[in-house]
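Visitor: Handing you a structure now.
The values are calculated or read from the model by the stated rules, or taken from the named source; none is laboratory data. Quick caveat: nothing in here was measured; it's all calculated off a predicted structure. Here the Cβ positions follow ideal geometry from the backbone for every residue, glycine too, while neighbour counts run over all protein chains shown. All accessible areas refer to the heavy atoms of the entire protein, side chains included, with ligands and DNA or RNA removed. Shrake-Rupley method; radii C 1.70, N 1.55, O 1.52, S 1.80 Å.
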Amino acid sequence: MRKLSEMVLVTGGAGYIGAHVCIALLDAGLDVVVLDNLSNSNKASLERVQSICGRSLVFRHADIRHEEVICDVLRSCGVTAVIHLAGLKAVGDSNVRPLSYYENNVLGTMRLVSAMKRANVKTLVFSSSATVYGIPKYLPLDENHPLCPTNPYGRTKLVIEEMLKDLCGSDDDWRIANLRYFNPVGAHESGLVGEAPLGVPNNLLPFVAQVAIGRREKLQIWGNDYDTPDGTGVRDFIHVVDLASGHLSALRHLRQPGVLTVNLGTGNGSSVLDIVRTFEAASGRSVPYEVRERRAGDVAACYADPTFAMETLGWKSIRSLEQMCADHWRWQLQNPDGYLGSELPKVRER
Ligand code: NAD
Ligand code: WQD
């Protein structure tokens with residue numbers, strides 16, 4: 001097992017998944033520097049991370065497209081490994097403004113790895129997505145499934161994966177993990193850190209939670225005529241805390257030069273109606289819904305084969321759907337306005 005790095009740069013660390021990754025790293029005794037441009041997050045998330053862990057981290061308000069700034073952070077903080085989550089992630093939005101996605105995700109990652117090369121920091125964990133598989137040809141999806149993303153966002157993830165492979169091919173010192181996340185949901189069990197979408201949520205769980213708390217009237221279920229047990233879409237929902245621990249496992253196991261590409265999912269498929277019922281039970285609230293036409297671009301079912309993650313990283317998810325919904329609900333209940341109005345210790349900025 002690889003000795004853990006001492007100082008980890010987390011790009012996008014103020015975001016939903018990033019904040020949970022920071023908790024996992026700090027709890028494991030690692031030091032953390034976060035670089036985030038706060039385009040889709042609030043610095044208050046990091047104040048809460050520090051409060052949960054009882055440890056401080058360093059925050060740099062900056063953009064991954066600024067190579068010189070990244071170089072400076074890598075060198076001045078003595079960074080030894082990078083977990084790269086920064087980027088844009090909304091599928092529908094990526095159809096509307098694809099160039100922003102290529103610029104933030106692809107160009108941003110190019111700038112980041114160029115800076116890493118210059119600073120001789122060559123250990124990287126990258127947030128990829130199950131969306132790189134596109135329409136499943138078989139289930140569960142293993143890492144050898146053909147790659148054919150169906151939207152610009154997914155294509156940026158695939159381009160980045162390919163770029164990182166080429167980088168490893170050019171220099172044996174690089175150790176890179178591409179982690180293909182399935183559907184991250186839930187929140188930290190403290191209820192202090194969770195997903196705070198701006199505007200109308202695109203994803204199922206945040207929408208369901210806002211219906212349960214009365215902020216939205218009802219859920220629109222996008223289709224109940226799929227070839228699935230109850231007709232609604234089936235997905236592999238994974239607790240964000242399990243997902244975060246997968247990053248720590250990946251860092252620990254990055255001992256071979258080259259690229260390791262791993263699914264992070266549970267292997268279980270749950271339907272939209274499963275989520276509605278489980279959320280109602282967890283919250284004690286009702287989630288009214290209406291069935292509408294299928295959403296363009298959706299697939300009937302998508303879930304992981306998580307075997308390789310267990311074999312290579314010794315990692316598997318352990319939290320149930322009930323716990324995902326209970327933790328998501330606690331976060332929603334305690335923070336009806338997300339991070340607005342947060343009053344916890346200030347984060348150290350430099
Ligand atoms: P998020 O939007 O909450 O977090 C992303 C963070 O990156 C935000 O804090 C944002 O401010 C920051 N950011 C964006 N562009 C930046 C830039 N150019 N420079 C610096 N910071 C920038 O999203 P998330 O759900 O936490 O996702 C994190 C990563 O995981 C993303 O790369 C996303 O594509 C990937 N991913 C997410 C999901 C999901 O369903 N949430 C699934 C698969 C993969
Ligand atoms: C799940 C199910 C919907 C909302 C997306 C991205 C993917 C990844 C994760 C980043 C589907 C149904 C949803 C609603 C509904 N992100 N639904 N009513 O589409 O599986 O994945 O997020 O990498 O790339 O595409 O997740 O939460 O949007 O949808 O009925 O209001 O819930 O139709 O069956 P999806 P989702």
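Visitor: Out of curiosity, is Ala81 away from ligand 2 (no atom under 16 Å from the Cβ), open to solvent by less than 60 Å² (accessible area, probe 1.4 Å), of a type in the set (Gly, Ala, Ser) and within 21 Å of Leu167 (Cα to Cα)?
Guide: In short, yes.
Visitor: Right, next: Asp166 - would you say it is free of Cβ contacts under 8 Å to residues at least 12 places away in the same chain and away from ligand 2 (no atom under 11 Å from the Cβ)?
Guide: In short, yes.
Visitor: Answer yes if at least one residue in region 35-44 is more than 15 Å from the chain's Cα centre (by Cα) and either open to solvent by less than 30 Å² (accessible area, probe 1.4 Å) or acidic (Asp, Glu) (or both), and no otherwise.
Guide: Checked against the condition, which is being more than 15 Å from the chain's Cα centre (by Cα) and either open to solvent by less than 30 Å² (accessible area, probe 1.4 Å) or acidic (Asp, Glu) (or both), region 35-44 yields at least one hit.
Visitor: Let me ask something else. In region 202-225, how many are assigned to a loop (DSSP other than H, G, I, E, B), within 16 Å of ligand 1 (Cβ to nearest atom) and either at pLDDT below 95 or touching a Lys or Arg at 6+ places or on another chain (Cβ under 9 Å) (or both)?
Guide: 1
Visitor: Can you name the residue in region 174-201 that is more than 10 Å from ligand 1 (Cβ to nearest atom), at pLDDT 95 or above and of a type in the set (A, V, I, L, M) and is also surrounded by the most Cβ atoms within 10 Å (Cβ to Cβ) among such residues?
Guide: Ala187
Visitor: Sticking with this one: Which one is nearest to ligand 2 (Cβ to nearest atom), of the residues in region 84-122 that are hydroxyl-bearing (Ser, Thr, Tyr) and in contact with a Phe, Trp or Tyr (Cβ under 8 Å, 6 or more places away or on another chain)?
Guide: Checked region 84-122; the qualifying residue nearest to ligand 2 (Cβ to nearest atom) is Ser94.
Visitor: Return the residues of region 271-281 that are of a type outside the set (Val, Ile, Thr) and touching a Leu at 6+ places or on another chain (Cβ under 9 Å); say none if nothing qualifies.
Guide: Residues satisfying the conditions are Asp274, Phe279.
Visitor: Which number in (1) touching a His at 6+ places or on another chain (Cβ under 9 Å); (2) within 11 Å of ligand 1 (Cβ to nearest atom) marks the one condition that Val49 misses?
Guide: (2) is the only condition that Val49 fails.
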